[in-house]
Amino acid sequence: MTIGDWQWDETLFAGAAPYYRRGRLPYAPGLAEALRDALALDGRGRLLDVGCGPGTLALDLAPLFADVVGVDPDPGMLAEAERVAAETGLNDRTRWILARAEELPSGLGAFTVVTFGQSFHWMDQERVAAAMLRLLRPGGAFVHVADVKTQPKTDLKTKPAAATSGADALPFPPVPYAAVDALVRRYLGPVRRAGRGTLPHGTPGGEAEVLGRACFAGPQRLVVAGGQALERDHDDVVAQVFSLSSSAPHLFGARRAAFEAELRALLAQASPAGRFSERRPGTEVRIWRKEPAPPQS
Ligand SMILES: C[S@@+](CC[C@H](N)C(=O)[O-])C[C@H]1O[C@@H](n2cnc3c(N)ncnc32)[C@H](O)[C@@H]1O
């Protein structure tokens, strides 16, 4: 996968996995129920979660399927997914495969649903869309899941600020995202880092055109409401920073401890009580369908 001069490499999320579940804001509550209703899931189908990370979506949706396969090229992410699956009693129906979406092993079988939780933009979309069309059963669904973006997509600055006055007031100050972002840039430079390269213009969109060209029908768009108040502590915000490909631990090299110390000092100044308030983002779901099989004559 290349984007301009940028080329995918296996360090993209290196070292991020242990921080991911704690650091990332969760998808909206009610996501699994919304998908169950929209896709008429009855516990019998098979799910393939591509770019599964630490199993965020796969494990949330696993009770709705008989069999779940998660795929990710980052071994740390899969170790986390496996650990949580065991802890939550879901390892009987979940399987984790170390692979890029572009190089899936043969013999996976056919799936009712394939999900991409904030991962499709990292892939060779044309190639992966064609592979998904082959893997899905007739009538099966390609499901794209992402946080609702309230501002243009850049980085940490995009998160909504917590309200501090009025009826919406939250008890603690907002996470100082702009200052955190400035600190990351001071250490890693002004251009967004990704693996061994840089992504001056971010990752590509264009999913609708790609899936249309691959002959998927859709999309059906659902928005699952967020907005619920969350409390986050300093460790949560540190974990959020290290969970991002643009500020993954490996990028700091020998300066990692110095960066973390400065980050913690910045957070302590922004909230001496050690707490921040934030609202959960909404979750946007786009569902594309593989055409059903024609009726037998
Ligand atoms: C932002 S994380 C999303 C994790 C999870 N799906 C979620 O919703 O929280 C993106 C994931 O995509 C994976 N990824 C990146 N490039 C990939 C590729 N070419 N094929 C499969 N997965 C990939 C990364 O390793 C990472 O775990």
Looking at 33, 102, can you tell me which residue is assigned to a helix (DSSP H, G or I), within 11 Å of the ligand (Cβ to nearest atom) and out of contact with any Pro (no Cβ under 9 Å at 6 or more places or on another chain)? 102
Surrounded by fewer than 22 Cβ atoms within 10 Å (Cβ to Cβ), in contact (Cβ under 8 Å) with a residue 12 or more places away in the chain, in a loop (DSSP other than H, G, I, E, B) and more than 8 Å from the ligand (Cβ to nearest atom): is that true of residue 44 in this structure? yes
Would a scan of the range 251-262 turn up a residue that is surrounded by 14 or more Cβ atoms within 10 Å (Cβ to Cβ), at pLDDT 95 or above and in a loop (DSSP other than H, G, I, E, B)? no
Among the residues of the range 92-113, is any more than 25 Å from residue 8 (Cα to Cα), crowded, with 17+ Cβ neighbours inside 10 Å and of a type in the set (Phe, Trp, Tyr)? yes
Whichever residue in the range 129-154 is in a helix (DSSP H, G or I) and touching a strand residue (DSSP E or B) at 6+ places or on another chain (Cβ under 7 Å) and, among such residues, is surrounded by the fewest Cβ atoms within 10 Å (Cβ to Cβ): 135
Does any residue of the range 275-291 turn out to be in a helix (DSSP H, G or I), in contact (Cβ under 8 Å) with a residue 12 or more places away in the chain and out of contact with any helix residue (DSSP H, G or I) (no Cβ under 6 Å at 6 or more places or on another chain)? no
With the condition kept exactly as written, say whether any residue in the range 6-21 is surrounded by fewer than 18 Cβ atoms within 10 Å (Cβ to Cβ), more than 14 Å from the ligand (Cβ to nearest atom) and at pLDDT 95 or above. no
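The values are calculated or read from the model by the stated rules, or taken from the named source; none is laboratory data. Small disclaimer: the values here were computed from a predicted structure and weren't measured. Cβ coordinates were reconstructed from backbone atoms using ideal geometry, including for glycine residues, and neighbour counts include every protein chain displayed.
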